[in-house]
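Asker: Structure provided below as structure tokens; questions to follow.
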């Protein structure tokens with residue numbers, strides 16, 4: 001079962017236009033990191049952190065190199081393993097050998113900012129997938145029963161007018177629990193962690209139209225989230241994105257919130273179970289009825 005699918009092609013004639021080199025596929029994913037979104041719940045806020053990371057004994061009996069390292073929100077780090085052809089059991093074995101060196105990765109670079117240690121996930125990307133691997137991933141396979149594994153089939157096409165289209169299919173099954181703090185029900189709508197925060201802050205401002213930036217800081221104190229705060233001025237959020245190359249806030253015009261003093265704010269998208277629980281406790285004190293789904 002393909003539980004999540006993205007199609008960027010319209011209903012027009014297309015011919016295969018495969019990536020000629022693995023580095024070309026890598027470059028495409030770095031520029032289009034949204035392709036690496038795995039579902040609509042917890043694995044949506046994806047950011048590429050680094051590529052071509054050398055690891056000692058990364059291939060168990062010899063040195064190796066990670067293709068891409070990403071984060072998923074403020075909870076997960078992910079190793080992305082790329083193949084120009086089919087992903088199969090041998091690809092899985094290679095990915096798992098890199099996951100065995102996850103502590104070495106944290107020592108190499110400053111990839112993790114949260115106070116709590118990251119959880120990990122592995123992702124394989126290729127142009128097709130073996131039947132055996134597809135079956136394992138669709139059953140919710142976890143390496144050592146801890147680290148979830150996903151597969152993405154990525155194919156590129158070219159139209160007769162030389163426009164490029166990409167079709168991706170994601171094979172991933174993750175069983176969420178209340179401990180994950182990943183899916184929430186509010187007013188009969190389901191939200192993930194970061195989207196719930198955006199919705200509650202937006203609704204509070206809508207119901208209290210005279211709210212200023214300083215007042216909102218009192219209502220949703222920075223310490224609830226931690227280093228970035230529940231929200232920040234849009235100008236500051238854009239500065240963080242421009243300096244680091246990673247979005248830590250929702251900065252699209254449809255996502256930002258206007259306050260009475262003329263400030264425009266962007267809510268943070270970096271949430272883990274711990275600070276999400278703190279946010280929900282604060283929201284409930286304000287009268288918001290939020291259920292863990």
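The values are calculated or read from the model by the stated rules, or taken from the named source; none is laboratory data. Note that the structure is a prediction, hence the values are computed from the model and not measured. Here the Cβ is made from the backbone with ideal geometry for all residues, glycine too, and neighbour counts use every protein chain on show.
Asker: Looking at residue 50, is it farther than 23 Å from residue 113 by Cβ and touching a strand residue (DSSP E or B) at 6+ places or on another chain (Cβ under 8 Å)?
Answerer: Spelling it out, it is not the case that residue 50 is farther than 23 Å from residue 113 by Cβ and touching a strand residue (DSSP E or B) at 6+ places or on another chain (Cβ under 8 Å).
Asker: A follow-up question, please. Where in the stretch 3-113 are there helices (runs of 4 or more DSSP H), lying fully within it, with 1 or more residues that are at pLDDT 95 or above?
Answerer: In the stretch 3-113, 22-31, 89-99 are the helices (runs of 4 or more DSSP H) which contain 1 or more residues that are at pLDDT 95 or above.
Asker: Go through the stretch 182-232 and give me each residue that's touching a helix residue (DSSP H, G or I) at 6+ places or on another chain (Cβ under 7 Å), under 16 Å from residue 258 (Cβ atoms) and in a strand (DSSP E or B).
Answerer: Selection gives 231 alone.
Asker: Check the stretch 250-271 and report whether any residue there is closer than 17 Å to residue 43 by Cα, in contact with a helix residue (DSSP H, G or I) (Cβ under 7 Å, 6 or more places away or on another chain) and free of Cβ contacts under 8 Å to residues at least 60 places away in the same chain.
Answerer: Within the stretch 250-271, one or more residues are closer than 17 Å to residue 43 by Cα, in contact with a helix residue (DSSP H, G or I) (Cβ under 7 Å, 6 or more places away or on another chain) and free of Cβ contacts under 8 Å to residues at least 60 places away in the same chain.
Asker: Same structure again: Could you check how many residues of the stretch 114-151 are under 17 Å from residue 95 (Cα atoms) and not in a strand (DSSP E or B)?
Answerer: 12
Asker: While we're on this one: Looking only at the stretch 259-273, which residues are modelled with pLDDT under 95 and either assigned by TED's automatic domain parsing to the domain that holds residue 73 or part of a loop (DSSP other than H, G, I, E, B) (or both)?
Answerer: Result: 269, 270, 271, 272.
Yes or no, residue by residue, for (1) within 19 Å of residue 45 (Cα to Cα); (2) assigned by TED's automatic domain parsing to the domain that holds residue 78; (3) out of contact with any strand residue (DSSP E or B) (no Cβ under 6 Å at 6 or more places or on another chain); (4) surrounded by 13 or more Cβ atoms within 10 Å (Cβ to Cβ):
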position: 148; (1), (2), (3), (4): yes, yes, no, yes
position: 163; (1), (2), (3), (4): no, yes, yes, no
position: 186; (1), (2), (3), (4): no, no, yes, yes
position: 192; (1), (2), (3), (4): yes, no, yes, yes
position: 195; (1), (2), (3), (4): yes, no, yes, yes
position: 201; (1), (2), (3), (4): yes, no, no, yes
position: 207; (1), (2), (3), (4): no, no, yes, no
position: 218; (1), (2), (3), (4): no, no, yes, no
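Asker: Let me ask another. Please determine whether any residue of the stretch 74-92 is surrounded by fewer than 16 Cβ atoms within 10 Å (Cβ to Cβ) and over 27 Å from residue 156 (Cβ atoms).
Answerer: no
Asker: Since residue 114 meets every condition but one in (1) under 29 Å from residue 264 (Cβ atoms); (2) assigned by TED's automatic domain parsing to the domain that holds residue 82; (3) more than 17 Å from the chain's Cα centre (by Cα), which condition does it not meet?
Answerer: Of (1) under 29 Å from residue 264 (Cβ atoms); (2) assigned by TED's automatic domain parsing to the domain that holds residue 82; (3) more than 17 Å from the chain's Cα centre (by Cα), only one is false for residue 114: (3).
Asker: With the condition kept exactly as written, say whether any residue in the stretch 15-23 is in contact (Cβ under 8 Å) with a residue 60 or more places away in the chain and touching a helix residue (DSSP H, G or I) at 6+ places or on another chain (Cβ under 6 Å).
Answerer: Within the stretch 15-23, one or more residues are in contact (Cβ under 8 Å) with a residue 60 or more places away in the chain and touching a helix residue (DSSP H, G or I) at 6+ places or on another chain (Cβ under 6 Å).
Asker: Go through 256, 276, 211 for me and flag whichever is within 20 Å of residue 112 (Cα to Cα), outside the structural domain of residue 115 (by TED's automatic domain parsing) and surrounded by 15 or more Cβ atoms within 10 Å (Cβ to Cβ).
Answerer: 276
Asker: Out of the residues in the stretch 26-48 that are surrounded by 21 or more Cβ atoms within 10 Å (Cβ to Cβ) and out of contact with any helix residue (DSSP H, G or I) (no Cβ under 7 Å at 6 or more places or on another chain), state the one that is nearest to residue 192 (Cα to Cα). Talk me through it step by step, then tell me what you get.
Answerer: If we filter the stretch 26-48 for residues that are surrounded by 21 or more Cβ atoms within 10 Å (Cβ to Cβ), which is where we start, we get 29, 36, 38, 42-43, 45-46.
So of that shortlist, the ones also out of contact with any helix residue (DSSP H, G or I) (no Cβ under 7 Å at 6 or more places or on another chain) come out as 38, 43.
Values: 38: 13, 43: 9 Å.
Per the stated criteria, the residue is 43.
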